[in-house]
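> This structure is in structure tokens; I'll ask about it shortly.
The values are calculated or read from the model by the stated rules, or taken from the named source; none is laboratory data. A quick note: this is a predicted structure, and the numbers were derived from the prediction, not measured. Note that we place each Cβ from the backbone using ideal geometry, even for glycine, and neighbour counts take in every protein chain shown. Just the protein is used for accessible areas: all its heavy atoms, side chains included, with ligands, DNA and RNA removed. Shrake-Rupley method; radii C 1.70, N 1.55, O 1.52, S 1.80 Å.
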Amino acid sequence: MPQSLKTTLDFLLDLRFNNNKTWFSENRSRYDASQRAVEGFLTDLFPRFGPVLDLGTTKPKDCLFRIFRDVRFSKDKTPYKTQVGIVIGSGGRKAEGLWYYVHLEPDDSSFVATGLYEPTPEHLRAVREAIAADDKPLRKILNAKAFKKWTGGLEGETLKVPPRGYPADHTAIDLLKHKQLLATHRLSDADVLADDFAAHVIEACLAMKPFAEYLDALR
């Protein structure tokens with residue numbers, strides 16, 4: 001496994017400096033090998049993921065985002081992503097319920113995350129209403145020993161002013177200003193290449209599970 005995922009990180013690093021169709025075509029076999037390595041990691045992970053989440057009939061390929069970038073509305077016209085994005089949830093990248101995101105990128109830029117990334121207005125409203133009514137359940141989750149050990153605390157984009165309908169002196173205004181509510185566990189290259197990276201990912205997800213379940217219950 002360590003050598004296998006090294007194939008992925010090495011390919012992504014080289015792609016960063018050669019992000020063009022000619023180089024990619026010439027190195028297509030390396031890309032295919034890097035994809036097989038990621039699928040191998042997921043094949044190892046899935047049977048052990050039950051304590052975190054039931055993945056049902058989800059297959060590794062269901063979880064992987066395509067490497068091709070959508071450049072139609074971007075000033076950056078480089079054609080390929082230089083990271084691997086993986087959504088682990090029932091239905092993979094199309095998951096509508098609980099999900100955990102694994103991001104693989106060289107130079108110690110990998111991470112595991114969960115939470116509200118692009119919530120619907122209805123979901124975000126429900127979360128804010130729950131927090132405004134009683135912020136203690138969420139604060140208990142955020143202050144839990146395992147959560148604090150494995151994450152950097154609550155992250156995500158926030159408003160500069162209180163959301164409409166909430167006073168600036170609300171006791172939970174720090175939480176209510178969040179437009180995204182995310183938890184992230186950052187990974188070094190050494191973590192990704194360790195003998196049992198799958199176990200590391202599972203432990204991180206278990207630490208973030210109460211946070212993910214709190215938000216999902218308000219969907």
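> Testing residue 146 on (1) out of contact with any strand residue (DSSP E or B) (no Cβ under 8 Å at 6 or more places or on another chain); (2) buried (at least 18 other Cβ atoms within 10 Å of the Cβ), one condition comes back false. Which one is that?
With (1) out of contact with any strand residue (DSSP E or B) (no Cβ under 8 Å at 6 or more places or on another chain); (2) buried (at least 18 other Cβ atoms within 10 Å of the Cβ) applied to residue 146, the lone miss is (2).
> Moving on. For the range 70-81, does any single residue satisfy the condition of being assigned to a helix (DSSP H, G or I) and either under 29 Å from residue 207 (Cβ atoms) or open to solvent by 40 Å² or more (accessible area, probe 1.4 Å) (or both)?
Narrowing the range 70-81 to residues assigned to a helix (DSSP H, G or I): none.
Within the range 70-81, not a single residue is assigned to a helix (DSSP H, G or I) and either under 29 Å from residue 207 (Cβ atoms) or open to solvent by 40 Å² or more (accessible area, probe 1.4 Å) (or both).
> A follow-up question, please. If I ask for residues that are open to solvent by less than 60 Å² (accessible area, probe 1.4 Å), closer than 30 Å to residue 206 by Cα and not in a helix (DSSP H, G or I), which ones from the range 21-51 would you list?
49, 50
> Determine which single condition residue 129 fails, assuming it passes every other condition in (1) open to solvent by 70 Å² or more (accessible area, probe 1.4 Å); (2) among the charged types (D, E, K, R); (3) within 17 Å of the chain's Cα centre (by Cα).
Result: residue 129 passes all but (3).
> Let me ask something else. Of the residues that make up the range 172-194, is at least one in a loop (DSSP other than H, G, I, E, B) and within 18 Å of residue 49 (Cβ to Cβ)?
Step one: filter the range 172-194 for residues in a loop (DSSP other than H, G, I, E, B), giving 172, 177, 179-180, 188, 193-194.
Narrowing the set further to residues that are within 18 Å of residue 49 (Cβ to Cβ) leaves 194.
Yes - at least one qualifying residue is present in the range 172-194.
> When you go through 116, 104, 154 one by one, which is the residue that is farther than 30 Å from residue 6 by Cβ, touching a residue at least 40 places away in the same chain (Cβ under 8 Å) and in contact with a helix residue (DSSP H, G or I) (Cβ under 7 Å, 6 or more places away or on another chain)? Show your work before the answer.
Details: 104 fails: farther than 30 Å from residue 6 by Cβ; 154 fails: touching a residue at least 40 places away in the same chain (Cβ under 8 Å).
So the residue among 116, 104, 154 that is farther than 30 Å from residue 6 by Cβ, touching a residue at least 40 places away in the same chain (Cβ under 8 Å) and in contact with a helix residue (DSSP H, G or I) (Cβ under 7 Å, 6 or more places away or on another chain) is 116.
> What tally of residues in the range 125-146 results from selecting those that are closer than 16 Å to residue 158 by Cβ and either in contact with a Cys (Cβ under 9 Å, 6 or more places away or on another chain) or outside any helix (DSSP H, G or I) (or both)?
Residues in the range 125-146 being closer than 16 Å to residue 158 by Cβ and either in contact with a Cys (Cβ under 9 Å, 6 or more places away or on another chain) or outside any helix (DSSP H, G or I) (or both): 1 in total.
> Do we find that residue 117 is among the hydroxyl-bearing types (Ser, Thr, Tyr), open to solvent by 50 Å² or more (accessible area, probe 1.4 Å) and under 22 Å from residue 186 (Cβ atoms) in this structure?
Numbers: among the hydroxyl-bearing types (Ser, Thr, Tyr): yes; open to solvent by 50 Å² or more (accessible area, probe 1.4 Å): yes; under 22 Å from residue 186 (Cβ atoms): yes.
Yes: the conditions hold for residue 117.
> Go through the range 1-20 and give me each residue that's hydrophobic (A, V, I, L, M, F, W, C) and open to solvent by less than 60 Å² (accessible area, probe 1.4 Å). If you could, list the steps in order and put the result at the bottom.
Here is the first cut: in the range 1-20, the ones hydrophobic (A, V, I, L, M, F, W, C) are 1, 5, 9, 11-13, 15, 17.
Result: 5, 9, 11, 12, 13, 15.
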